[in-house]
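Below is one structure, written out as structure tokens, with a few remarks after it.
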Amino acid sequence: MRSVDAVVVGAGFAGLYMLHRLRQQGLSAQVFEKGTGVGGTWYWNRYPGARCDVESMEYSYQFDSDLQQEWNWTERYAAQPEILEYANHVADRFDLREQIQFNTAVNCAKFDEAQQRWLVTTDQGESLSAQYLVMATGCLSSSNLPQIPGQESFTGATYHTGQWPHEGVDFTGLEVAVIGTGSSAIQSIPVIAEEAEHLYVLQRTPNYSIPAHNGPLEPQVQQQIKDDYSGLRERGALSPFGIAFEWNIDSALVATDAERKAEYEKRWQMGGLGFLGAYGDLLFSGDANDTAAEFVRGKIRDIVDDPVVAEVLSPMQTFGCKRVCADTGYYATFNRDNVTLVDLQEQPIQGFLEQGIITHKQVIEVDVIVYATGFDAMTGAILKVDIVGRGGQSLRDKWAEGPKTFLGLGTSGFPNLFIITGPGSPSVLTNMLPSIEQNVEWISDCIDHMQQQGQVTIEATSAAEQAWVGEVNELADRTLFPTCNSWYLGANIPGKPRVFMPYIGFPAYVEKCAEVASEGYEGFALS
Ligand code: NA7
């Protein structure tokens, strides 16, 4: 059996950088990637309008100064093809492809206690032995295709935004239904509407979206940022979500109506997720939150011509407790003659026809259904692999009541298993790239430490893990995040335990990770 120091699962941004670090450390590594190319999320999510909601200059690696100085982004928010090109550029620049086996999914990973090694099996029938197993499987990579009774009767084309065909889809002349109104839908709907004969948007829960105000990134603006790139990175690292927004720590409730309106208007004009930084208590006080929510609902009423449609599009849940979207012309798309909003709260889906969807109120005849229904977030891709730890314990069983980790990086009973941006780390509540880099560097330093100390295994202690899960939940309970059915809580997947998964607060997390390492990996048992 082939033997390597580390197996890395996934060749997205996490897997690529992990491989690079392991190689720099002089370790042998094998990456397995299900797709035919690198890029992870950006390899799979090729739906029309797909782009990052974090600005390009920040949604990029910082580990190599030449890379960040030499790469030029063309837009304020990069579109999927450009981000995929960047991932490919990184793979080539650091000569990473040789250690990546594409078209290969890891099916099973079993810890052999006698050998103190992981035995990894792939869907290509290959087995490999490794000292370390690193899950770089991504937080939003296991698509959620809801099981809706009768859906198999539909004979037209169906697509999921997270598994978009590489050759693209031509909607010209077609009647199209999009199910879902999360970020993927909000990005794709305006683009599909331009092409389709008619577009039906089937909405279960309306979402808050702030205009992205995307546009070309002028070379002189880009150069200015590059002149002080470390300044930008530092501002990002010090902010709660790892993104260099302007964060106002004042309370929305202390400001006057006029001041609040001016602040929200300023943020609306700036565009994007920075809206959340308008006041320090937006995610802590219901009354403060209402002021932002009502401002956005006011904008929806201003943009959408038909007051009934505007009302249906207006979210009533806590602003920001589901991820806020950044759009290009989303609400205005509902002013088009070829777009119809269908309120699934008023008329749930009842069944399907060969060429359509039946709701409680009507039959909607369509050629194509686009499922923009999201992901089994944070745990889905990890648990797709049958991971078996010490004593034959399966990770699926261990996490049956919700994921349990220490720092999101390790889980007790599973020695030498590392997770990049795992549940219990800030991950999806931050700019993913710096979170990935911080996790990768921590893992790489940890492996280095083990080698220097002659240690063979590392494993989170159950006491540290229990305390950490408690802290993650306690932090979430201090905020408004748990007040709605978000994927942060697993609430979008029927039967998934309702547990808040991401750690809130990037700087505190980074500090804690550093402290654990400097105390000789306190909370982990080394042997
Ligand atoms: P999301 O944000 O999970 O959105 C999924 C959407 O699909 C959401 O509007 C759901 O409504 C809807 N949905 C899910 N299941 C159903 C069923 N069975 N019937 C009708 N509607 C359904 O996924 P995205 O891909 O848009 O975005 C994920 C993240 O990727 C995003 O936050 C960014 O970080 C990038 P619901 O709200 O559950 O009522």
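Brief remarks follow.
- Modelled spin-label separation between residue 346 and residue 474, with each label point placed 7 Å from Cα along the Cα-to-Cβ direction: 4.6 nm.
- Alpha-carbon Rg with Dmax, taken over region 25-128, Å: 16.9, 53
- Whole-angstrom gap from region 1-59 to region 428-501, using each part's C-alpha centre: 19 Å
- Separation of the residue 453 and residue 5 label points, Cα + 7 Å toward Cβ, nm: 1.8 nm
- Residue ranges 422-432, 319-329 sort as 422-432, 319-329 when ordered by packing (mean number of other C-beta atoms within 10 Å per residue, highest first).
- Summing Cβ point charges (Lys, Arg +1; Asp, Glu -1) relative to the Cα centre of the chain gives a dipole of roughly 1000 debye.
- Shown is the FRET efficiency for residue 467 and residue 167, computed with R0 = 51 Å from the Cβ-Cβ distance and rounded to the nearest 0.05: 0.55.
- Protection-proxy order for peptides 178-187, 254-263, 465-474, each taking the mean of Cβ atoms within 10 Å per residue, highest first: 178-187, 465-474, 254-263
- Taken over the chain, the percentage of Cα pairs per 20 Å bin, counting from 0 up to the bin with the maximum distance, is 22, 55, 22, 1.
- As a calculated quantity, the FRET efficiency between residue 284 and residue 213 at R0 = 35 Å, using C-beta atoms, amounts to about 0.80.
- Tensor-based shape of region 403-454 (alpha-carbon gyration tensor, a/c under 1.5 rounded, otherwise prolate or oblate): oblate
- Extension gain, residue 123 back to residue 75 (0.36 nm per residue minus Cα-Cα distance, nm): 13.4 nm
- Where both bridge residues fall in the chain, DSSP classifies roughly 40% of the beta bridges as antiparallel.
- Phi angles across region 376-382 convert, under the Karplus curve 6.51 cos²θ - 1.76 cosθ + 1.60 with θ = phi - 60°, into 3J(HN,Hα) values of 7, 6, 6, 10, x, 6, 5 Hz, Gly and Pro given as x.
- With Cα atoms defining each centre, region 176-218 and region 90-120 are spaced 37 Å apart in the structure.
- Cα centroid of region 262-325 to Cα centroid of region 236-254, whole Å: 17 Å
- Remark: region 252-263, residue by residue, has Karplus-estimated 3J(HN,Hα) of 5, 7, 7, 5, 7, 3, 5, 5, 4, 4, 5, 5 Hz, where x stands for each Gly or Pro and the curve is 6.51 cos²θ - 1.76 cosθ + 1.60 at θ = phi - 60°.
- Peptides 161-169, 18-26 ranked from most to least packed by the mean count of surrounding Cβ atoms within 10 Å: 18-26, 161-169.
- Folded to 0 to 90 degrees: helix 432-453 orientation relative to the chain principal axis, Cα: 10 degrees
- Cα gyration tensor category, rounded, prolate or oblate, for region 151-371 with a/c compared to 1.5: prolate
- Theoretical ellipticity at 222 nm over the chain - DSSP helices of four or more residues, -39500 (n - 2.57) apiece, nearest 500: -9500 deg cm²/dmol
- Inter-probe distance in nm under a simple model that places probes 7 Å from Cα toward Cβ, at residue 85 and residue 363: 4.7 nm
Just so you know, all these numbers are worked out from the coordinates, no wet-lab data involved. Everything quoted here is computed from the prediction, not taken from an experiment. Every residue, glycine as well, gets a Cβ built from its backbone with ideal geometry; the counts of neighbours run over all protein chains shown.
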